[in-house]
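Everything below concerns the one structure shown next.
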Amino acid sequence: MEAKVYRLSAHGNAITVPPIPTKFPEHEAISVYDNPGEYETGRRKDPIPRFRAFLLDAGIASETELESIEQDTQSEMQEAVAFALEEPYPAPEEALRYVYA
């Protein structure tokens, strides 16, 4: 499967260790290329809110169900980040393990 979507967050916008922010204030289409129209077009085509609207409009899911899914997902992600931050760093020789290219 190939999914071609516009990247709505800054390149390299990754989970970081506090106090480093996890979100950057602006997408580079705006801050670097001065093209807010490009960003807005991508935002309107974002498949996640569009799919959410589809689920609601088709009566497949309620707002309450979707909010519950979102809260569960956020909790799962926070638990995964906490778990990773609590783990010791791997040994340097592990860096290339499972790298075959």
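So the check is Cβ under 8 Å with 6+ separation or different chains; which pairs have a first residue in segment 68-82 that's farther than 20 Å from Arg52 by Cα and open to solvent by less than 70 Å² (accessible area, probe 1.4 Å) and a second one that's outside any helix (DSSP H, G or I) and not charged (D, E, K, R)?
Val81/Ile15
Condition test on Pro36, is it surrounded by 10 or more Cβ atoms within 10 Å (Cβ to Cβ), within 22 Å of Leu8 (Cβ to Cβ), out of contact with any Phe, Trp or Tyr (no Cβ under 9 Å at 6 or more places or on another chain) and touching a residue at least 24 places away in the same chain (Cβ under 8 Å)?
It is false that Pro36 is surrounded by 10 or more Cβ atoms within 10 Å (Cβ to Cβ), within 22 Å of Leu8 (Cβ to Cβ), out of contact with any Phe, Trp or Tyr (no Cβ under 9 Å at 6 or more places or on another chain) and touching a residue at least 24 places away in the same chain (Cβ under 8 Å).
The values are calculated or read from the model by the stated rules, or taken from the named source; none is laboratory data. It should be emphasised that the depicted structure is a prediction, and the values quoted were computed from it without experimental measurement. FYI the Cβ positions are ideal-geometry reconstructions off the backbone, even for glycines, and counts take in every protein chain you see. Ligands, DNA and RNA are excluded from the accessible area calculation, which covers all protein heavy atoms including side chains. Shrake-Rupley method; radii C 1.70, N 1.55, O 1.52, S 1.80 Å.
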